[in-house]
Amino acid sequence: MRSLVIGPLLTALAVGTALAVYPSQTITFAGGEAGPVAFSGRDHGQPCSRCHNQQTFPLMQQGEVTITMAAIDKGRLCGSCHNGRQAFASPNNCQRCHQSQ
Ligand code: HEC
Ligand code: HEC
Ligand code: HEC
């Protein structure tokens, strides 16, 4: 009886955690010579599919996509929002992402 109850409960917890991890999490990118970039789920409450789609960050796994400033400045990846319209653009805002700058 116990295991019948606990099994589904653990499964529910595992699924719940997988989906809940990201918004409460911060992942850090090395950022080359400009220094680390902390990407916080709390600052990014958009629907998952806004970023996790074929054009942007297909997999929910850090390191799957190589992010470059060239791509961001062309309006791709982070730059699909950080373009001065949906969110602050990269020029003059280096330190908002590269916090050690
Ligand atoms: C504003 C963009 C954005 C949104 C919205 C977003 N993510 Fe992500 N997520 C990312 C980026 C960027 C990465 C790292 C991808 C890479 O490095 O290739 C990532 C990585 C992840 C990872 C892996 C984290 C790790 O430690 O490796 C998980 C899990 C994840 N996202 C889940 C979600 C879920 C669930 C949602 C919706 C609730 C969501 N994400 C919404 C941008 C976003
Ligand atoms: C919207 C956030 C954001 C802003 C604003 C931003 N960067 Fe970045 N930058 C990143 C991310 C993310 C990476 C990739 C980090 C990684 O994968 O290690 C990166 C990488 C870099 C790199 C190393 C790789 C490459 O492509 O050259 C340099 C140098 C860099 N940024 C400089 C700058 C400078 C200078 C500015 C301001 C003019 C700036 N960044 C503004 C997010 C940002
Ligand atoms: C779906 C749109 C979207 C994408 C994609 C996106 N961001 Fe953002 N980001 C925002 C919005 C909106 C804010 C809130 C700040 C604002 O209004 O300009 C924000 C805030 C931030 C902040 C907080 C800065 C501060 O001073 O409070 C950082 C850091 C940041 N983003 C980095 C990134 C990085 C790095 C990426 C790519 C891995 C990324 N963002 C991708 C929309 C996005």
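Since every read-out is calculated from the coordinates, none of them should be taken as a lab result. Keep in mind that what you see is a predicted model, and the values were worked out from it rather than measured. Glycine gets a Cβ as well: all are built from the backbone with ideal geometry, and neighbour counts include every protein chain shown.
To keep it simple, each residue is scored yes or no on (1) over 20 Å from Thr28 (Cβ atoms); (2) part of a helix (DSSP H, G or I); (3) out of contact with any Pro (no Cβ under 7 Å at 6 or more places or on another chain).
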residue	(1), (2), (3)
Phe39	no, no, yes
Asn53	yes, no, yes
Pro58	yes, no, yes
Gln61	no, no, yes
Thr66	no, no, yes
Ile72	no, yes, yes
Gly75	yes, no, yes
Pro91	yes, no, yes
Gln95	no, yes, yes
Fill in the blank from the handout: Restricting the range 33-48 to residues that are more than 10 Å from ligand 3 (Cβ to nearest atom) and out of contact with any strand residue (DSSP E or B) (no Cβ under 9 Å at 6 or more places or on another chain), the one farthest from His98 (Cα to Cα) turns out to be Cys48
Completion exercise
Quick count over the range 56-80, residues being surrounded by fewer than 13 Cβ atoms within 10 Å (Cβ to Cβ) and touching a residue at least 12 places away in the same chain (Cβ under 8 Å), is 1
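Listed here are the residues, each with its yes/no results for (1) among the hydroxyl-bearing types (Ser, Thr, Tyr); (2) more than 15 Å from Ala34 (Cβ to Cβ); (3) more than 11 Å from ligand 3 (Cβ to nearest atom).
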position	(1), (2), (3)
Met60	no, yes, yes
Met69	no, no, no
Asp73	no, no, yes
Cys78	no, no, no
His82	no, no, no
Gln86	no, yes, no
Ala89	no, yes, no
Asn93	no, no, no
Ser100	yes, no, yes
